[in-house]
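Take a look at the structure set out below.
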Amino acid sequence: MKKALFLLLLLPAISNAQLKGILAKATEKINAVTKSNSTLDIAAGLKEALNKGVSVQVSKLTAVDGFYKNEAVKILMPEELAKVDKTLRKMGLSKLADEGILAMNRAAEDAVKEATPIFVSAIKNITITDAKSILLGNENAATLYLQSSTEKPLYTKFNPVVQQSIGKVGADVIWTKIIKQYNMIPLVTKVNPDLTDYITKKALEGVFKMITVEEKNIRTDLNARTSDLLKKVFAMQDKK
């Protein structure tokens, strides 16, 4: 009888403990789902910000003089060809040197126009595993993440586009003339630069620089957050 009474008294305690355990597990699941959804929202928001960088800022690079008259991304002579530029100008061939620089920038402008879908696809396919830390990082954290994770495959896809654009705008003819003219000068070390590689790298560098501009705008200017998702996600970083 005493044992039966003891078990009856113990039963509510066991049930209460079990109930607490069930509630605790349920809370953990809810928190996990909430955290997961939050991470998904952040990742989606960051991707939207990067896409906005392409549509708003990178599209400017595709216009005539998009590279050439933008001092932030203008492509100049390769460092190793600075002597070519200097020598040509000393010999009164400044116009030819200027034509060479203009031709490189025209090729980049044309190539970026053709390659924009490559950047959009790269952004769409990236997996942001630590979205919150990127959101709460530096003003260019999302762009740097995109650059570090996509630059090599983008180079591979973008390089032939640049090669085609070089021929399309006549940069190859101009640069052949420049190199031929320079190599005819007595006592100079002959040069034969890989123009496609150089323009590809500088064009990609310009693209990421302009995406950074838009990311900074979205992070610092409330008016640049043009969707509910951008407002929701980047409001989180405002509180850091």
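Remarks
- Listed residue pairs exceeding 32 Å between alpha carbons, taken from 69/232; 74/239; 69/239; 86/202: 69/232; 74/239; 69/239
- For a paramagnetic label modelled on residue 90 (point 7 Å from Cα along Cα→Cβ), amide N atoms under 20 Å away belong, within the range 176-193, to 178-193.
- For residue 216, the aspartates and glutamates whose Cα comes closer than 12 Å to its Cα, not counting residues fewer than 8 places off in the same chain, are 139.
- Simple Cβ-charge dipole of the range 55-146, Lys/Arg +1 and Asp/Glu -1, about Cα centre, in debye nearest 20: 160 debye
- For the range 101-240, the relative contact order comes to 34 percent (Cα pairs under 8 Å, sequence separation of at least 6).
- When the Cα gyration tensor is reduced to axis lengths a ≥ b ≥ c, the ratio a/c is 1.5 or higher for the range 201-240, and with a/b above b/c it is classed as prolate.
- Prolate/oblate/rounded call for the range 152-236, Cα gyration tensor, a/c under 1.5 rounded: prolate
- Annotation for the range 38-140: GluC sites (Glu not before Pro) lying in DSSP loop with at most 16 further Cβ atoms inside 10 Å of their Cβ are 71, 139.
- Eligible aspartates and glutamates near residue 113 by straight Cα distance, threshold 16 Å, same-chain separation 8 or greater: 65, 205
- Nitroxide proxy distance, nm - points 7 Å out along Cα→Cβ at residue 51 and residue 152: 2.7 nm
- Overall shape: prolate for the range 76-172, with the ratio a/c of the largest to smallest alpha carbon gyration tensor axis at 1.5 or above and a/b above b/c.
Each reported figure results from applying straightforward, stated rules to the coordinates on display, with no laboratory input. Keep in mind that what you see is a predicted model, and the values were worked out from it rather than measured. In this analysis, Cβ positions are derived from the backbone assuming ideal geometry, glycine residues included, and neighbour counts consider all displayed protein chains.
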